[in-house]
Amino acid sequence: MIISLILKKIRQAVTDLLPIILVIAFFQIVVLKQPLPHLGEVLFGALLVVAGLALFVQGLEMGLFPIGEAMAQALARKGSLFWLLFFAFALGFSTTVAEPALIAVAAEAAEIAGAGGLIDSSREALQQYAFGLRMVVAFSVGLAILIGVMRIIRGWPIHYLIIGGYVIVMLMTTIAPSEIIGIAYDAGGVTTSTITVPLVTALGVGLASTIRGRSPLLDGFGLIAFASLLPMIFVMGYGLLIFR
């Protein structure tokens, strides 16, 4: 039973990675016409990726999805709007503030800003800028999940909120410093991490499954869209404060 489950997950992981493998092999062999450098290390690394992906997907199914749905349902049954919204905000904030992709982007943005003379190039100033950027993004994601939960509870149409949010993004793009715009748009992408996405999705589905009159299919999804939208707005606002 366990062996068949492991083989099934590995087969699914290989199937998911196959398009990437085929693209790399095509360009390396047909276009570049060169053998893969360090073939042994590449193959071993590919095996590690397959094993890691299979274990990651299994971990999501066994741990993160059930706990996210269970906590959302328990908080909804408790009937406390405050604790439900606080949990939504804390979940978004905590999963984002420690996101490795966000840490890397913030550190790189600080280095570039220091080299360009936009901020002081001292180590303390760079760390302060990167930390502030991370906190702004984490706060915005927490607020985004909170708004998304309120949408599920109140039954607000998601398309009005998304369209309105992107209108604000476009307007802020016209007034934000050009040095922060690219970082802001990237910040909207790095927030959707491997931990945030399954937990937040499980939160939305579990909440929509518990509240009467809500559909898990129609109302349970859409939280990730808010988590990508609000950081762009907040980071551009952060740039307005820092660079002006």
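Some observations on this one:
- Where TYR160, TYR166, TYR238 fall by accessible area, highest first, once all protein chains stay in place (1.4 Å): TYR160, TYR166, TYR238
- Per residue, the chain exposes 57 Å² of solvent-accessible protein surface, assessed with a 1.4 angstrom probe and all protein chains in place.
- Given R0 = 22 Å, the distance between the Cβ atoms of LEU17 and GLN58 translates into a calculated FRET efficiency of 0.90.
- Charge tally in the Cβ shell below 14 Å around ASP16, where Lys, Arg are +1 and Asp, Glu are -1, ASP16 excluded: +3
- Normalised radius of gyration (Cα atoms, divided by 2.2 N^0.38 Å) for the chain: 1.19.
- In order along the stretch 148-161, the Karplus-derived 3J(HN,Hα) couplings, from 6.51 cos²θ - 1.76 cosθ + 1.60 at θ = phi - 60°, round to x, 5, 4, 4, 5, 5, 8, x, 5, x, 5, 5, 5, 5 Hz, and Gly and Pro are given as x.
- Using just its DSSP H runs of length 4 or more, each adding -39500 (n - 2.57), the chain gives a mean residue ellipticity at 222 nm of -27000 deg cm²/dmol after division by all residues.
- The Cα center of the stretch 165-210 and the Cα center of the stretch 15-36 differ in position by 32 Å.
- Sites GLN127 and GLU41, calculated FRET efficiency, Cβ-Cβ separation with R0 35 Å, nearest 0.05: 0.50
- Charge dipole (the chain, unit charges on Cβ, about Cα centre) - positive-most of MET236, GLY132, ILE3: ILE3
- Stretch gain in nm, segment ILE211-SER178, where the contour uses 0.36 nm per residue and the Cα spacing is subtracted: 7.5 nm
- Taking the 1.4 Å solvent-accessible surface of the stretch 91-244 as the whole, the part contributed by carbon and sulfur is 67%.
The values are calculated or read from the model by the stated rules, or taken from the named source; none is laboratory data. Treat the numbers as computed from the prediction; the structure is a model and nothing was measured. Neighbour counts run over all protein chains shown; Cβ positions are idealised from the backbone, glycine included. In case anyone asks, the SASA skips ligands and DNA or RNA and just uses the protein heavy atoms, side chains included. Shrake-Rupley method; radii C 1.70, N 1.55, O 1.52, S 1.80 Å.
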